[in-house]
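The structure under discussion is supplied below as structure tokens; questions concerning it will follow.
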Amino acid sequence: MKLKAAQLRRTYKPETLPLPEKEQKGAPKAIIGQERAVKALQFGLGNKSQGFNVYVAGVPGTGKQTAVRHFLKEIAGQENPPGDWCYVNNFADPYQPCRLSLPKGMAPVFRSDVYQFVNNSWAALLRVFESEEYGNKRETILQKLRDDEAVILGTLGKKAFDNKFIIQRTPLELIAVPEVEGRPMTDKEFMALDEAKQEKILEQQDAFKEELRVAARQMKELEQGTDRQMYELEQNVALATLDDQLHPVAGKYTAESGAHRFLEDMKADILAHLPEFLQLKPDDKPDEPAGSTVQRIHRGRAIPRRYEVNVFVDNTNTEGAPIILELNPTYTNLFGKIEKESVMGNWVTDFTLIRSGALHASNGGYLILPVIEVLRNPLSWDSLKRALRNEEIVIEEPGEQLGFLTTKSLKPEPVPLKVQIILIGSPMLYFLLYKYDEDFRELFKVKADFDTEMDNTPGNVADFCRFIQHVCREEKLLLPDQAGMARLLEYSHRKAEDQDKLSIRFGAIIDLVKEADQYAREDKAKAIGQVHMQRAVSEQLHRSDLWQEKVQEMLEKEILFIDVTGAETGQVNGISVIGLGDVSFGRPTRITASVSAGRGGIIDLEREAKLGGPIHTKGVLILSGYLAELFGQDKVISLSAQLVFEQSYSEVEGDSASSAELYALLSGLSGLPIRQDIGVTGSVNQKGEIQAVGGINEKIEGFFDTCNLNGLTGDQGVMIPFSNLKNLMVKDEVLKAVRTGKFHIWAIRTIEEGVELLTGVPAGKQPDNTRLRFEPDSVFDRVNKRLIEFADILQESALPRLNTRRRRSYPRKAVV
């Protein structure tokens with residue numbers, strides 16, 4: 001069936017499209033043509049039950065991220081914001097810092113309150129310990145000690161005086177020294193005495209030793225008792241002072257058990273380190289950089305820092321549940337880290353250097369992650385699954401997970417996790433993870449599949465236009481007029497390769513609009529018109545079609561052999577598509593078939609040379625089935641045929657040329673020449689039905705460009721599968737040539753239709769109830785006769801060999 005120009009492209013009348021509005025009336029739909037994905041997101045998002053995380057699948061540019069954030073914004077806005085998280089010192093074990101959970105916005109307040117408490121307590125304690133009242137109490141205790149010591153020394157001193165001795169007190173003991181003229185005897189004077197007097201003095205001293213030891217022990221006990229009294233006085237005074245300072249602070253956090261417990265522990269720690277605490281002046285600035293305070297640790301002055309509060313997650317300004325998009329999900333970006341600082345060549349850390357990650361920031365809300373980036377980063381995927389299973393976030397050194405030897409570090413208390421993860425990735429990654437990762441199935445139970453196209457309904461067209469206008473306003477672009485919008489819709493159909501579908505890969509569509517906007521501004525236009533849209537399409541193609549031009553140049557110089565006029569036997573012009581990333585184009589390829597009698601069957605030279613892919617090989621094998629059913633019902637097909645893509649030096653894949661190969665084979669067998677001015681594409685099944693293929697527009701345009709090199713004859717054209725009719729969105733040049741009758745496109749359903757068009761001879765297949773199987777002198781009749789000839793030739797060539805084998809097998813007996 002020859003197609004009309006109107007069948008080759010979906011067009012729009014500009015006047016039927018909505019006029020561009022200067023001001024937007026109402027918000028446009030954020031998600032267009034994604035009903036399936038919308039239902040999945042409506043079900044999955046907000047369901048924070050364990051395992052109901054969401055995988056959003058789709059190709060880039062379909063608006064996955066925009067759609068997810070749009071839905072989350074509505075859902076999260078209705079949820080209560082999560083609280084704050086802090087890390088504080090664990091006074092019992094500093095290597096295991098404690099977490100604190102506080103209501104939203106309370107963490108910075110708590111940090112400030114703690115800072116003020118420490119400062120105020122330090123100042124208040126100094127005032128108390130320097131007060132007259134405290135000095136009097138201290139003096140009373142010391143005076144009692146002095147009085148008790150005086151009683152002990154008075155009694156012992158009188159006895160010593162009677163025996164002409166003086167009691168002296170050393171840091172270690174009490175000793176009795178001989179007295180001379182009211183003063184202690186010197187060693188020189190003692191040595192000047194005769195031996196008898198020396199012996200007498202030593203004997204008298206020995207008599208005092210026991211009493212001196214008892215007195216020294218009593219005085220030591222008095223000192224210890226005094227020290228206890230002084231310590232109790234100091235502790236009681238400090239406790240009362242700290243209680244006065246802590247009472248207003250602790251009253252604010254009565255309902256927060258963790259914060260209240262930390263305040264009590266901090267008060268007890270200050271009391272335990274009171275002398276050191278009083279020797280230090282707390283920082284004037286609570287947000288002082290950590291470097292100076294780290295240095296104080298190694299001078300023995302770490303007291304102020306141990307009372308700091310590390311505000312780990314601050315949700316003060318968060319409205320609703322948090323929504324976090326992490327585009328670089330490394331392990332530390334997800335789970336946080338423990339920073340270290342270099343001090344005198346050593347790495348040091350403490351709880352104030354614990355930093356949060358994306359999981360902490362999104363805790364109580366939603367975390368959006370690109371799955372390919374998660375999988376690329378070591379440890380991220382396994383650690384994420386572990387956190388979701390255990391419902392807690394553990395901060396640890398990456399080296400510990402890998403089993404490396406690491407230095408001693410902190411082990412912060414894990415933070416409970418309540419978050420919904422939304423992974424965004426390709427469908428292929430979803431299939432691979434679902435098949436090979438058992439945890440994935442349990443942790444990501446909701447799949448939202450984004451399509452790349454939508455039905456061409458009036459409502460969808462209107463939504464498409466409003467969405468484009470909305471983006472233009474957001475991006476400060478000129479608005480497309482009706483003609484420009486009509487051309488953009490045609491471009492969308494071309495991207496979808498379907499007259500009944502619009503592409504919703506808005507990434508590429510918006511890029512085209514931005515380029516057209518630039519051209520419109522260069523022309524000082526007030527709107528983006530059809531000419532600007534068309535220029536953007538042409539320029540995009542021109543920037544990428546260098547290799548297409550190289551191929552056309554080789555065709556023009558006859559380096560590549562392609563005949564686009566005349567007729568040849570066993571030769572047909574097939575059309576392949578070459579994809580080079582951002583551009584695809586059609587290239588005519590000469591396909592030839594050589595036939596002879598034999599038993600080799602159909603030989604695919606591409607396969608023999610290991611240049612044919614499996615799908616192409618399957619397409620060639622189908623030809624044998626077609627010939628066997630059509631011509632092998634009354635005989636054994638004895639055929640040796642070779643099929644080849646001429647001047648093809650790379651791998652050939654796909655079955656879209658299988659019908660062309662069959663036409664070349666039928667031409668070679670029938671001896672009928674095939675028109676070379678018709679390009680052929682389409683796959684075939686064993687029943688001879690022509691099946692749809694991909695890249696149909698590129699194939700038509702590729703053959704058109706080849707024919708146009710030397711001028712169109714008016715007879716040239718392309719033969720396509722009828723089932724590809726709705727995929728036609730050809731370029732303007734082809735449309736114009738078809739409209740003027742200089743180029744033609746035929747849509748066929750069966751091999752019979754195609755072979756008749758190519759040869760000008762009826763195919764000749766008769767209904768099953770007729771006496772003759774094929775119409776005389778038809779294509780199939782000639783093929784059948786040729787196959788009979790091949791069978792006869794093969795049989796005749798086999799008879800001499802058969803007779804020879806018989807003579808060798810049954811030798812004549814000798815006559816005796």
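The values are calculated or read from the model by the stated rules, or taken from the named source; none is laboratory data. Source: prediction; values computed, not measured. Quick reminder, even Gly has a Cβ in these numbers, built from the backbone with ideal geometry, and neighbours come from all protein chains shown. Ligands, DNA and RNA are excluded from the accessible area calculation, which covers all protein heavy atoms including side chains. Shrake-Rupley method; radii C 1.70, N 1.55, O 1.52, S 1.80 Å.
When ranked by the protection proxy of mean other Cβ atoms within 10 Å per residue, highest first, what sequence do the peptides 685-695, 554-564 form?
685-695, 554-564
Measure nothing fancy, just the Cα-based angle from helix 530-544's long axis to the longest principal axis of the chain, in degrees from 0 to 90, nearest 10.
Taking Cα atoms only, the helix is inclined about 80 degrees.
Can you classify the stretch 424-576 as rounded, prolate or oblate using the Cα gyration tensor, where a ≥ b ≥ c are the square roots of its eigenvalues, rounded means a/c under 1.5, and otherwise it's prolate if a/b beats b/c and oblate if not?
Taking the square roots of the gyration eigenvalues as a ≥ b ≥ c, the stretch 424-576 is oblate.
With a 1.4 Å probe and all protein chains kept in place, how do I31, I793 rank by accessible area, largest first?
I793, I31
How much accessible surface area, in Å² rounded to 10, belongs to the heavy atoms of H70 with a 1.4 Å probe?
70 Å²
For the stretch 59-142, what is one quarter of the convex hull surface built on the Cα atoms, given in nm²?
11.3 nm²
Rounded to the nearest 5, what is the percent of antiparallel bridges among the DSSP beta bridges in the chain?
For the chain, the DSSP antiparallel bridge percentage is about 60.
Can I ask one more? Report, ordered by chain and residue number, the lysines lying within cross-link reach of K447, taken as a straight Cα distance under 26 Å and ignoring same-chain residues fewer than 8 apart.
In chain and number order, the partners are K29, K39, K48, K64, K73, K385, K418, K435, K495, K501.
Separate question: Provide the per residue accessible area, probe 1.4 Å, for the stretch 563-686, rounded to a whole number of square angstrom.
38 Å²
Oh, and also: Carbon and sulfur together cover what percent of the accessible area of the chain at a 1.4 Å probe radius?
51 percent
Once you've got the Cα coordinates, tell me which of K137/K220; K4/K726; K524/K731; K164/K209 are over 18 Å apart.
Over 18 Å Cα-Cα: K137/K220; K524/K731.
Taking 22 Å as R0, compute the FRET efficiency from the Cβ-Cβ separation of T155 and K200 and round it to 0.05.
Here the calculated transfer efficiency is 0.40.
Then there's this: With every protein chain present, what is the per residue accessible area of the stretch 196-279 (1.4 Å probe, Å²)?
For the stretch 196-279, the per-residue accessible area is 58 Å².
Further, regarding this structure: Of T16, T569, T62, which has the most accessible area and how do the rest follow, probe 1.4 Å?
T16, T569, T62
Moving on. Can you work out ³J(HN,Hα) from phi for every residue in the stretch 210-217, in order, using Karplus 6.51 cos²θ - 1.76 cosθ + 1.60 and θ = phi - 60°, giving whole Hz and x for Gly and Pro?
4, 5, 5, 5, 5, 5, 5, 5
Another one. Once the Cα gyration tensor of the stretch 144-236 is found, what semi-axes does its equivalent ellipsoid get, as square roots of 5 times the eigenvalues, in whole Å, sorted largest first?
33, 11, 11
Of all DSSP beta bridges located in the stretch 358-505, what percent are antiparallel, nearest 5?
That works out to approximately 50 percent antiparallel.
Keeping all protein chains in the complex and leaving out DNA, RNA and ligands, what accessible area do you get for T407 with a 1.4 Å probe, in Å² to the nearest 10?
100 Å²
On to the next question. Measuring with a 1.4 Å probe in the full set of protein chains, what accessible area per residue, in whole Å², belongs to the stretch 355-462?
Roughly 47 Å² per residue, with all protein chains present.
Using only Cα atoms, locate the centre of the stretch 235-282 and the centre of the stretch 633-692, then give the distance between them in Å, rounded to an integer.
What the calculation gives is 92 Å, centre to centre.
Computed FRET efficiency, Cβ-Cβ of A6 and V59, R0 30 Å: what is it to the nearest 0.05?
After rounding, the FRET efficiency stands at 0.45.
Counting helices only, and only those DSSP H runs with n ≥ 4, report the 222 nm mean residue ellipticity of the chain as the sum of -39,500 (n - 2.57) divided by its residues, in deg cm²/dmol to the nearest 500.
Mean residue ellipticity, 222 nm, calculated: -15500 deg cm²/dmol.
Round to the nearest 10 and report in Å² the accessible area of E549, as given by a 1.4 Å probe over the protein chains' heavy atoms.
90 Å²
Strictly greater than 21 Å: what percent of every Cα pair in the stretch 305-438 meets that?
47 percent
From the Cα gyration tensor of the chain, with a ≥ b ≥ c the square roots of its eigenvalues, which class applies: rounded if a/c is under 1.5, or else prolate if a/b is larger than b/c, or else oblate?
In terms of gyration-tensor shape, prolate.
Calculate the length of the line joining the C-alpha centroid of the stretch 462-537 to that of the stretch 114-149, in whole Å.
Taking the Cα centre of each part, the stretch 462-537 and the stretch 114-149 sit 82 Å apart.
May I pose another question? Give the ranking of W122, W381 by solvent-accessible surface, highest area first, calculated with a 1.4 Å probe.
Descending accessible area places them as W122, W381.
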